[in-house]
Amino acid sequence: MSIVQSIVYGIVQGIAEFLPISSTAHLVLIPWFFGWKDPGIVFDVALHLGTAIAVILFFIKDWIILIRAGFTKPKSDNGKLFWFIVIATIPGGLAGVFLDKYMENLRNPLLIGIVLIAFGIILYLADKISKNEIELKNIGFLRSFIIGISQVFAVIPGISRSGVTMSAGRFSGIKREGIAKFTFLLSTPIILGDGLYHAKNLKNVPIDKAPFVIAILTSAIIGALSIKFLLNYLKKRGFGLFVIYRFALGVFVIVLYFIRLYK
């Protein structure tokens, strides 16, 4: 793995992990586009640790308040929000552990292109028909659980963890900025857990330290910028930009797939 490749992967992971465009899909498509070798488990861990660092540092003050309130004032708004995040984390965590090994067969560019387009439609509809009424503090147990269950679908490349949780939240009537923040807070234990879960496989795997560290730092920096961008963007705008991007990328991938197939 060259330094340039590690930087590219870090930038893509930092952007795609938090925007509703699917980081998994992009990390599959990059080596397919450029003919690069699959980065493997080492870089998967590095990239996830980088984005975990980004979301932890970005929301460190929020997490301190939430954790403290969760255990000392569980009936307060922040206390309840902490436990809503815990509830929503469970389904996504279990899906990652038990379904991860079955997802290798789905890392196909043609399928990814189709899923990018199909879920783009869902993302558009979720934002379009939402009543946009519910504040984050009023998310409630049922909505939290539904959002948590929706993460199960995020194991499919092209769906997007942030995209599916935001869609579930918007279908439930939660305001854009509120569901975006809830999604990012929810991603903290999920991304960190995913990185640590796969880290167990690094025991006998040689690690090239320079690209590994650069990938972590790049994904962390770009990830923090992506979070800030999306929170500000959704204050005034919807998901239209991301829907257009998903459609454009999906069509491009499908066309390129058949060009290469019959070349």
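The values are calculated or read from the model by the stated rules, or taken from the named source; none is laboratory data. Remember, it's a predicted structure, so these values are computed and weren't measured experimentally. FYI the Cβ positions are ideal-geometry reconstructions off the backbone, even for glycines, and counts take in every protein chain you see.
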- Message: So, in segment 220-263, exactly how many residues are part of a loop (DSSP other than H, G, I, E, B) and within 16 Å of the chain's Cα centre (by Cα)?
- Response: 1
- Which of the residues spanning segment 115-144 are part of a helix (DSSP H, G or I) and surrounded by 20 or more Cβ atoms within 10 Å (Cβ to Cβ)? VAL115, LEU116, PHE119, GLY120, LEU123, ALA126, ASP127, ARG143, SER144
- Within segment 137-161, of all residues that are in contact with a Leu (Cβ under 8 Å, 6 or more places away or on another chain) and among the aliphatic types (A, V, I, L, M), the one farthest from LEU19 (Cα to Cα) is ILE139
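Restricting to segment 145-195, name every residue that is aliphatic (A, V, I, L, M) and either over 16 Å from the mean Cα position of the chain (by Cα) or outside any helix (DSSP H, G or I) (or both). Give the derivation first.
Of segment 145-195, the ones aliphatic (A, V, I, L, M) are 146-147, 149, 152, 154-156, 159, 164, 166, 168, 174, 179-180, 185-186, 190-192.
Passing the criteria: ILE146, ILE156, ILE159, ILE174.
Within segment 31-38, is there a residue that is in contact with an Asp or Glu (Cβ under 8 Å, 6 or more places away or on another chain), at pLDDT 85 or above and part of a helix (DSSP H, G or I)?
If we filter segment 31-38 for residues that are in contact with an Asp or Glu (Cβ under 8 Å, 6 or more places away or on another chain), which is where we start, we get 31.
Checking the rest, the ones that are also at pLDDT 85 or above come to 31.
This time we only want the ones that are part of a helix (DSSP H, G or I), so: 31.
Yes, segment 31-38 contains a residue that is in contact with an Asp or Glu (Cβ under 8 Å, 6 or more places away or on another chain), at pLDDT 85 or above and part of a helix (DSSP H, G or I).
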